[in-house]
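Structure record follows, encoded as structure tokens.
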Amino acid sequence: MYNSLAQEVARLRREVAEIRKGQRVAHGASIENAALEVKDDTGSLRAIVGQQADGTSGIQVVNGPPPPAPSAPGVASVLGGVTVSWDGLFAAGAVIPLDWSRVEVHASSTPSFDPLPTTLQTTIETAQGATVVVPTDVPVYVRLLARNTSGAASPSSIEVGPYGPAPVVADDILDGIVTEVKLANDAVTVAKIAAAAVGTTEIADDAITTPKVTAGAILAGQIAAGAVVTDKLAAEAVTAAKIAALAITTDKIDANAITTSKLAAGSVDATALKADAITGKTITGGTITGSLLQTATSGERITVNEAGANKVLVYDSTGRAVGELSGDGLGLEGTSGAIIWIDPDSTYPNLRFYTADGANSAYINIVEAAPGDADIGINSGTFSTPGGAMRWRTFFGRDFWAAERIRTSSDTVNIGGRIFMDGTSATVGYQDATSATQRADVLFTPGNAQLRARLLNTPPASSNTALLVETAAGHTGYMLRLFNDDAAAYRFSVDLAGNTTIGGVLSAPNIATGTVTITPAAAYTPTSIPVTGLNVAGSTFRGYATANSTVPGYRASATPPGAGVTGVSVSNVTSTGLTVWVNRENTTNTTINWMVIGS
């Protein structure tokens, strides 16, 4: 039973809270800024419903069992690779699990291979099955692998293969697909050329030499404009009267041949300038479209739209590209090979820092969990632990902040030291999202600190008090209370006056108690019995004894008179024992209760 009205009220409040909680769930519960954990009969976490650790809301399935192996793939040869088909079924007629996510297509030129990230070619995301193309130049073996939403992999399917790309035949080639550069030298002989099949526009420059031309075969009407070059003309063979208007173009004029005195005012405008015509000058105004801009052709330089890639590239003195500005973001590479990359197009825009070998990275990202939010996360690189790959994360969310150690494969699972703070509370300690019994933290709320773990106090050696409870002026409650939920009772209480109530048996190393039975040697004869084997703490010891008797003294009215205990005492009191004495008016066995107290 409770010791006070306050205790009873506290119990009733807890019971009402539980009743309300049950009513809310029974009539359509609302989870406010929290999550509901779903566990199986072994206590393992299976799903998290509600607000996730990264600030998003939804259902996160974890620790699901591996799905069954998919049925054997169908493989066929095609141009440039093979097709792989999955019929949407599973080995041994197994039923598709509810948490099925996808089927991975793996291919390798080596038989009996194990599906690895290096053999993954593509995925099939529909449970109805599908056909995908795997590009390859060599015969390959194919396996399928299913995964669930927790990322667990199934056993791999039966291996099928080898299958290689189909050979190319004439019927497979579209008209016009084979161009001149695809033909080998001397591949076309005279016997393969139809009469009149070759016109002048297919003949390379200088392909026909003078010995191949018969006398009188070329008339003036057969000479194309520009066909006769200057080095074939005799000196002064061409006079001004022989030059048609506009017949001389700029590419026929030697450098510096035309001076400004030979140009009419206004005769040169922007439309009359050819590429490469401007060197070392300033261009003001106008628009440059579809061009490559660069500060140099090699070495340390900056280029714009190199190779038509719509990028700004920065090269160092060795000609190595160390900076990029493009539609993908902004990247910088240091001399060690470390990279900083800004990615504004990701689902969570981020700033990522790569190690020199590119094998690990840390990043800062922004999350808009709700419209208008600008939550920010700071994540360390991945590191290996006995429990799997982990990383540290600091997250600033909507009116909360957390610092925790999370799994790389599932950022909703935190294991290790953790700090969580919001506008009404702060939690500091250890938390394991996979095992609620491992929790050890302190929850701070206004005016209160709740320790949710066993307490081990190991203060350093000093003259200060090891554990101090000091109440403020005006305090009216207890100074210390220990409550047992199972028994619904207080086990230890200390009030303001120091009155101590113990709801059980008090055991102290400086107190020893016991009982002995003494048979007097004769009436009115003091008789003793030693008590040994004690281990009482202290330096000064006091002993006490009392008889367990209904006749504590001489009674004249007794029949016969003189049947009582006339005295009980102790002597030789030490930390290891004492001597208990009794004197009575007869020789009846007497039970004596004794006590030794050390101080």
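The values are calculated or read from the model by the stated rules, or taken from the named source; none is laboratory data. Here the structure is a predicted model, which means the values were calculated and not measured. All Cβ positions, glycine included, derive from the backbone under ideal geometry; neighbour counts span all protein chains shown. Quick note on the areas: whole protein, heavy atoms, side chains included, nothing else; ligands and nucleic acids left out. Shrake-Rupley method; radii C 1.70, N 1.55, O 1.52, S 1.80 Å.
Values as computed for the structure displayed
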{"quantity": "Residues listed by number, region 501-529, amide nitrogen under 17 Å from T465 label point at 7 Å toward C-beta", "calculated": "none"}
{"quantity": "Normalised per residue, the volume of the convex hull around the Cα set of region 304-395 (Å³)", "calculated": "127 Å³"}
{"quantity": "Ordering of 430-441, 455-466 by burial proxy (mean other Cβ atoms within 10 Å per residue, highest first)", "calculated": "430-441, 455-466"}
{"quantity": "Gap separating the Cα centres of region 451-494 and region 45-113, nearest whole Å", "calculated": "55 Å"}
{"quantity": "Region 313-367: translational diffusion in µm²/s, Stokes-Einstein, Kirkwood Rh over Cα pairs, 20 °C, 1.002 mPa s", "calculated": "182 µm²/s"}
{"quantity": "Hydrodynamic radius (Kirkwood) for region 464-514, which is based on Cα pairs only, to one decimal in Å", "calculated": "13.3 Å"}
{"quantity": "Zero-based 5 Å bins, Cα pair distances in region 43-83, whole percents", "calculated": "5, 16, 13, 11, 10, 8, 9, 11, 11, 6, 0"}
{"quantity": "Cβ crowding within 10 Å averaged over residues, with 158-165, 337-344 ranked highest first", "calculated": "158-165, 337-344"}
{"quantity": "Region 422-562 shape via C-alpha gyration tensor axes, a/c threshold 1.5", "calculated": "prolate"}
{"quantity": "Two-site label geometry, R13 and A369: point separation in nm, points 7 Å out along Cα→Cβ", "calculated": "2.9 nm"}
{"quantity": "Peptides 502-512, 349-359 ordered by average Cβ neighbours within 10 Å, highest first", "calculated": "349-359, 502-512"}
{"quantity": "Region 352-403-region 499-556 distance, computed between alpha-carbon centres (Å)", "calculated": "69 Å"}
{"quantity": "Neighbourhood net charge (11 Å Cβ-Cβ; Lys/Arg +1, Asp/Glu -1) for A309", "calculated": "-2"}
{"quantity": "Over region 368-458: Kirkwood hydrodynamic radius from C-alpha pairwise inverse distances, Å", "calculated": "14.5 Å"}
{"quantity": "Solvent-accessible surface (1.4 angstrom probe) belonging to T591, in square angstrom, nearest 10", "calculated": "40 Å²"}
{"quantity": "Order of exposure, largest accessible area first, which applies to L480, L45 with probe 1.4 Å", "calculated": "L480, L45"}
{"quantity": "M479 accessible area, 1.4 Å probe, all protein chains in place, Å² to nearest 10", "calculated": "60 Å²"}
{"quantity": "Largest-first principal axis extents of the Cα set of region 368-410 (Å)", "calculated": "39, 16, 14"}
